[in-house]
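Asker: First the structure, then my questions, so here it is.
The values are calculated or read from the model by the stated rules, or taken from the named source; none is laboratory data. All values derive from a computational prediction rather than experimental measurement. Here Cβ is always computed from backbone atoms with ideal geometry, including for glycine, and neighbour counts include all displayed protein chains.
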Amino acid sequence: MPIQISQYETKPSVEINEVHVSELRIIITEEQNSKAQVRAVYKLFGRDANGVKHFDPAQRVLQIDDAFVAAVQQAGQGDFVLAQALGAIEAAVASLIQQTGDYGNATVV
């Protein structure tokens with residue numbers, strides 16, 4: 001599924017308005033109060049009239065060192081976007097685990 005952005009740069013005949021994620025890494029510590037470091041590496045690209053992708057040469061990195069804490073802080077201010085994103089990632093992982101058939105049902109609790 002492509003990710004499209006609303007604020008973008010236009011180069012000659014190409015709107016650089018999509019995101020190609022090349023790496024998504026989530027490291028969760030095994031401590032009692034787990035921390036989740038989230039890191040995404042991506043490039044922006046656009047398609048010309050023929051559908052050919054044109055990548056912006058800059059590789060971008062987004063990193064949140066403790067996404068659980070950040071999600072709680074943002075939710076406390078009424079912004080639930082990060083909390084919902086983390087919940088969606090957990091649901092996706094549960095679905096993938098369930099697809100293996102090794103553990104029966106996998107449910108986010």
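Asker: Report yes if LYS53 is more than 16 Å from the chain's Cα centre (by Cα) and either touching a residue at least 60 places away in the same chain (Cβ under 8 Å) or more than 30 Å from GLY87 (Cβ to Cβ) (or both), otherwise no.
Answerer: Yes.
Asker: In the range 1-22, what residues are among the hydroxyl-bearing types (Ser, Thr, Tyr) and in a loop (DSSP other than H, G, I, E, B)?
Answerer: Of the residues in the range 1-22, the ones among the hydroxyl-bearing types (Ser, Thr, Tyr) are 6, 8, 10, 13, 22.
Selection gives SER13 alone.
Asker: Also, I was wondering about something else. Need pairs with beta-carbon distance below 6 Å; first residue within 21 Å of VAL61 (Cα to Cα) and in contact (Cβ under 8 Å) with a residue 40 or more places away in the chain and within the range 1-19, second surrounded by 10 or more Cβ atoms within 10 Å (Cβ to Cβ) and of a type outside the set (Asp, Glu); sequence gap 6+ or separate chains.
Answerer: Filtered contacts from the range 1-19: GLU9/ILE16; ILE16/TYR8; ILE16/LEU44; ILE16/GLY46.
Asker: Give GLN73, GLN98, GLN77 a once-over and let me know the one that is more than 19 Å from ARG25 (Cβ to Cβ) and at pLDDT below 95.
Answerer: GLN98
Asker: With a cut-off of at least 2 residues that are charged (D, E, K, R) and surrounded by 12 or more Cβ atoms within 10 Å (Cβ to Cβ), name the strands (runs of 3 or more DSSP E) lying wholly within the range 23-109.
Answerer: Details: elements: 36-47, 53-55, 60-64.
So the answer is 36-47.
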